[in-house]
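Everything on this sheet refers to the single structure shown next.
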Amino acid sequence: MEGNNNSMSESDRREMLSDFLIDCEVLLKTLNDKLLVCEKAISSKGTIADVDIDAMFRAAHSIKGAASFIGLENIVKLTHEMENILQKIKNKQILMEEKIFNVLFKAFDKLEALFERLKETSFDDGDIEQEIVSFKNVLAFVTESSSNSKNKNDKYWQQYLVETIQNIDDFNKELLNYEKNKDKIDIIDTLFRITHTIKGSSGLLKVSNAHKVAHNMENILNYARSSGQQLDNYWISALFGAIDLIKEIVMSQNDNRPLPDNINKVLDNLNRLNSIIENSNSAIVVSNDQVEEKIKQLITQGNNILKISVQLESDLSMKSMKALLLQEKLARITNIHLMLPSMEVLEKEDFKKDVTIIFLIDDKNNQTDIKEAINIDGVTQFNIEKQSINNSATATATATPTTPPASNSNSNSNSISNSNQHNHLEISTIKVDSNKIDTLLNLSGELVILRAKFSQILHRLRQEKNFDYKNINSIINIFDETTSSLGKMASEIQTSVMQTRMIPIEGIFNRFKRTVRDISHELGKNIELVTRGEDTELDKKIVDSLSEPLTHMIRNAADHGIEDQEERKRAGKAEQGTIYLSASHRGNSICIEVADDGKGIDHNKVLKSAIEKGILTEEKAQTMSKQDILNLIFLPGFSTAAKVTGISGRGVGMDVVKNMINSVNGIVEINTEVGSGTSFLLKIPLTLAIIQALNVIVAKEVYSIPIESVVEILKVHPFDIYSVDGNETVKLRGHALSLIELENVIKVQSDENKRMGIKNIVVITNGQKQVGLVIDDLIGKDEMVIKSLSEHFSHVKGITGASILGDGRVALILDPLAIMREI
Amino acid sequence: MSKQILIADDAPIIRLMLKDLITPLGYQVIAEASNGEEAVEKYKEFKPDLVTLDIIMPQKNGIQALAEILAINPKAKVIMITAIDQKEYLTNAIKTGASDYIVKPFEEERVRSVIRKALGDL
């Protein structure tokens with residue numbers, strides 16, 4: 001115990017020991033007190049404050065430090081373990097649960113015992129082996145058990161979440177790319193790399209389900225990479241299903257909700273696919289596309305078709321001969337429409353791998369003969385499926401455990417992707433281009449220089465004792481100059497900070513490629529999504545809030561807009577329908593267009609439907625313009641869809657889209673031409689943080705009107721104001737414009753001296769109609785930083801937020817859309 | 001009554017090996033032939049359930065014999081015995097109507113499986 005303290009004399013040691021004991025008395029008391037606090041919290045299922053844990057940690061640390069100085073090895077060892085475990089609790093790696101508490105408490109008892117012994121004998125000897133072991137045990141157990149409950153605030157978790165979601169998006173993008181360019185092996189490399197990353201980080205964070213799925217995906221991709229085989233749609237769908245599953249797993253972990261029900265189904269499917277690969281090492285994958293296409297063609301020609309898949313043993317020699325034998329035998333009893341791989345391919349390579357041969361033959365109701373013909377040596381499995389129009393294959397013969405019918409996987413992947421639409425994900429962290437940060441850093445550096453300039457000015461002013469006019473004047477000039485550079489810098493900083501919130505819209509655009517792919521598969525339509533302006537940047541919050549309305553609009557376009565292939569052919573259009581999604585900047589707003597080359601919206605049908613639904617009277621309908629009629633589709637509960645499909649037409653209509661766009665102060669415009677397509681134009685402000693606004697005075701208060709809604713400003717003489725149905729109205733260029741008083745909307749205290757003379761009017765619009773807002777006075781246009789109102793004001797209609805003016809006054813920001821709804 | 005098999009091969013050792021493989025399966029080797037001509041004759045005589053026919057045989061080769069046997073009985077089950085380098089002959093045999101084939105040198109398990117499957121017993 002005292003081995004390394006030879007240099008220390010016995011009296012020195014005694015003196016230090018007594019100091020040590022005095023110091024430690026306080027520390028031990030802290031430990032004791034805090035442990036009791038913990039015990040209470042644990043038994044009452046309360047929470048333990050971080051400061052308590054921290055206090056214990058520091059106490060243990062201090063005792064350890066002092067004890068090691070005197071060479072009290074046992075105390076050092078014991079406190080080291082305590083410190084260790086407390087640190088883990090502090091870092092939220094493990095929870096302070098009963099098991100851990102018990103170990104800590106026992107260790108503390110032992111520690112006290114050691115101190116007693118130290119007082120008596122001046123040595124800390126005693127057996128601490130048992131405590132050390134129980135520390136080790138409890139740690140080993142706990143790290144494992146607590147790994148299942150993820151702490152959302154864990155910094156690693158946030159990082160993992162952001163990265164993984166990004167990787168999932170990338171994966172979807174690349175896989176879509178691969179689906180179109182199957183000859184590009186390098187895409188497989190990319191997919192493999194992404195999957196590998198997801199697998200790695202999921203493993204690190206012990207998201208074991210995601211790790212498992214990614215591992216399976218990696219196998220599939222690795223196989224495709226090493227064998228050079230192209231993956232057909234069946235495998236691609238499986239990969240899509242798998243990546244959706246990973247997203248589900250990660251999100252459900254993040255939201256602390258149970259894993260999706262279908263996880264086992266998808267996992268089973270993946271495992272099965274993997275076992276195909278693992279069993280065969282390198283099975284030959286027959287392109288399912290070709291088969292499916294041929295089946296469709298044959299069935300539409302009125303044939304009854306059987307699809308036969310035969311798997312040949314991997315170590316069979318002369319496989320092409322077996323294939324020939326099968327072909328000959330089948331040819332003797334029925335017609336063969338298709339054989340894949342063809343004899344030529346089979347002859348070329350004498351495979352050292354599994355081969356599955358697919359035959360499409362006429363169904364002559366002679367399945368027994370067929371079975372007899374193909375049940376020959378070397379065939380490990382065979383499968384006979386009757387093919388019907390809707391392509392849902394009905395297996396009729398010996399089932400093969402390893403090749404599930406393709407329709408299964410489709411429904412699996414669909415069910416996942418559908419459930420995905422409900423969990424709208426929001427990640428509060430944001431990736432910022434480091435250049436933007438650099439700019440900010442530079443600006444803040446210049447700010448420091450400016451500050452120095454100001455203190456220099458102050459210094460000069462202080463020295464100016466004589467108040468010499470000339471000197472003062474020069475100081476004022478410098479002051480003026482510096483102030484204006486401060487102003488410039490402030491606006492530059494403001495722009496740069498705003499820039500950090502700007503992200504390219506590419507992220508959600510890419511997601512839609514996947515959406516369109518899924519929809520076209522589901523609807524059996526051939527649709528391409530063309531995107532433009534993906535690098536257009538806008539506020540992250542807006543990008544997030546756009547994802548849902550855009551999904552609705554794209555689904556609408558695919559479902560109602562784009563016709564099916566026959567209809568398009570009849571109309572003389574290209575068989576492939578196209579949905580255009582483009583983004584561009586226009587001044588301070590961004591324009592997003594969702595257009596399709598489909599059948600367009602017939603305004604007469606809209607009108608008819610509106611009258612049938614009782615939304616309109618026939619007389620009123622007479623007076624409506626085409627644009628007015630089209631705007632009807634934004635009304636709640638309006639749908640022209642003849643049939644409800646799985647995708648749209650269930651009442652979640654354009655009104656929802658419009659409301660969502662309105663909630664980010666945007667407006668929707670619609671343009672359509674029957675026969676050639678429809679286009680929806682969304683105009684959205686660049687950011688929600690700062691707006692351009694027109695400041696006005698009403699009843700002595702300042703209000704800001706977002707500039708996007710302002711059409712023009714008028715002065716109106718009272719003689720020009722008419723009363724129509726009790727509403728004040730003016731005639732503006734031949735159209736009636738109703739006037740509204742703000743006090744009628746937001747119940748402000750009305751001015752005592754009612755405005756008598758000429759009225760100032762701001763004409764505002766929501767994209768569909770215009771109204772005139774009566775104001776007392778105009779201040780001017782300014783940039784306003786929006787401060788959101790607290791929850792207490794959420795029920796106040798017509799106000800979206802507040803802002804602070806240059807002179808410190810508060811200006812309320814009006815919500816023109818809400819105001820127009822109110823009247 | 002157990003199913004009957006005719007073995008046709010010019011090499012006695014092959015006939016012996018096949019016989020030793022077939023008999024334990026419960027089939028009866030009812031006759032043997034050492035050339036194609038003889039094989040056709042024996043087929044007419046015994047009407048066996050299955051014939052194993054070597055492709056390369058003197059006098060009448062296996063493919064000719066196969067054609068003649070199928071002429072007698074279009075549903076005759078004939079297993080060709082072939083070496084790994086006789087792809088062309090085998091292709092012909094398959095196109096002529098052979099039920100299956102066995103590759104020399106024999107893999108015993110495969111021989112058993114070919115014969116049993118051809119007879120519909122597996």
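The values are calculated or read from the model by the stated rules, or taken from the named source; none is laboratory data. What you see is a predicted model; the values in this text were computed from it and never measured. Cβ coordinates were reconstructed from backbone atoms using ideal geometry, including for glycine residues, and neighbour counts include every protein chain displayed. All accessible areas refer to the heavy atoms of the entire protein, side chains included, with ligands and DNA or RNA removed. Shrake-Rupley method; radii C 1.70, N 1.55, O 1.52, S 1.80 Å.
Key figures
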quantity: Spacing of the two label points (7 Å from each Cα toward its C-beta) at A:Ser584 and A:Arg570, in nm; calculated: 3.5 nm
quantity: For the stretch A:431-559: Kirkwood Rh in Å [reciprocal of mean 1/r, alpha carbons]; calculated: 19.1 Å
quantity: Gaussian network model of chain B, springs between alpha carbon atoms under 10 Å - residue of B:Met57, B:Met80, B:Met17 with greatest fluctuation; calculated: B:Met17
quantity: Computed over the stretch A:690-822, the ratio Rg/Rh where both radii use C-alpha atoms and Rh is Kirkwood; calculated: 0.95
quantity: Per residue accessible area in Å² of the stretch A:468-580, where ligands, DNA and RNA are left out and the probe is 1.4 Å; calculated: 48 Å²
quantity: Whole-angstrom Cα spans of the stretch A:434-503 along principal axes, big to small; calculated: 56, 15, 11
quantity: Nearest-10 value in Å² for the accessible area of B:Leu90, using the 1.4 Å probe; calculated: 0 Å²
quantity: Label-to-label distance, nm, for residues given as A:Glu347 and A:Lys787 (7 Å Cα→Cβ offset); calculated: 8.5 nm
quantity: Residues of the stretch B:81-97 buried by at least 10 Å² on assembly (accessible area, 1.4 Å probe, chain alone as reference); calculated: B:Ile84, B:Lys87, B:Leu90, B:Thr91, B:Ile94, B:Lys95, B:Gly97
quantity: Rg over Rh [alpha-carbon atoms, Kirkwood Rh] for chain B; calculated: 0.91
quantity: Between the stretch A:475-534 and the stretch A:542-592, the alpha-carbon center distance in angstrom; calculated: 21 Å
quantity: Rounded FRET efficiency, nearest 0.05, which uses the C-beta distance separating A:Lys371 from A:Thr300 and R0 of 30 Å; calculated: 0.60
quantity: Accessible-area composition of the protein assembly as shown, carbon plus sulfur, in percent [1.4 Å probe]; calculated: 50 percent
quantity: A:Lys465 paired with A:Glu129, simple spin-label distance in nm, labels 7 Å along Cα-to-beta-carbon; calculated: 8.5 nm
quantity: Modelled FRET efficiency - R0 51 Å, B:Leu16 with A:Asn335, Cβ distances, 0.05 increments; calculated: 0.70
quantity: Accessible area of A:Leu440 in the full protein assembly, 1.4 Å probe (Å², nearest 10); calculated: 40 Å²
quantity: Solvent-accessible area lost in complex, 50 Å² minimum, residues of the stretch B:108-122 relative to chain alone, 1.4 Å; calculated: B:Arg110, B:Lys117
quantity: Binned Cα-Cα distances of the stretch B:65-122, short to long, each 5 Å bin given as a whole percent; calculated: 4, 19, 27, 23, 19, 7, 0
quantity: 1.4 Å probe, heavy atoms, protein only - residues of the stretch A:302-319 losing at least 40 Å² accessible area vs chain alone; calculated: A:Ser317, A:Met318
quantity: Chain pair A, B: total accessible area buried, heavy atoms, 1.4 Å probe, Å²; calculated: 1700 Å²
quantity: Cβ neighbours within 10 Å from other chains - mean over A:31-41; calculated: 0
quantity: Fraction in percent of alpha-carbon pairs per bin - 5 Å, the stretch A:155-279; calculated: 2, 11, 24, 25, 20, 12, 5, 2, 0
quantity: 222 nm mean residue ellipticity, helices alone, for chain B (DSSP H n ≥ 4; -39,500 (n - 2.57); rounded to 500); calculated: -13500 deg cm²/dmol
quantity: Probe 1.4 Å, all protein chains present, accessible-area order of A:Lys386, B:Lys47, A:Lys34, largest first; calculated: B:Lys47, A:Lys386, A:Lys34
quantity: Within the stretch A:119-139, backbone nitrogen closer than 11 Å to the virtual label 7 Å beyond the Cα of A:Arg13 toward Cβ; calculated: A:122-124
quantity: Contour minus Cα-Cα distance for A:Val432 and A:Glu548 (0.36 nm per residue); calculated: 39.4 nm
quantity: Extension gain from A:Arg225 to A:Asn271, taking 0.36 nm per residue of separation minus the Cα-Cα distance; calculated: 14.7 nm
quantity: Shielding of A:324-330 by partner chains, average beta-carbon count, 10 Å; calculated: 4
quantity: Radius, Kirkwood style, for the protein assembly as shown when every pair of distinct Cα atoms is counted (Å); calculated: 36.7 Å
quantity: Solvent-accessible ranking of A:Asp124, B:Asp121, largest area first, probe 1.4 Å; calculated: B:Asp121, A:Asp124
quantity: Accessible area (Å², per residue) of the stretch A:690-822, counting only protein heavy atoms and a probe of 1.4 Å; calculated: 56 Å²
quantity: Sequence of A:Glu534, A:Glu347, A:Glu218 when ordered by accessible area, the most exposed leading, probe 1.4 angstrom; calculated: A:Glu347, A:Glu534, A:Glu218
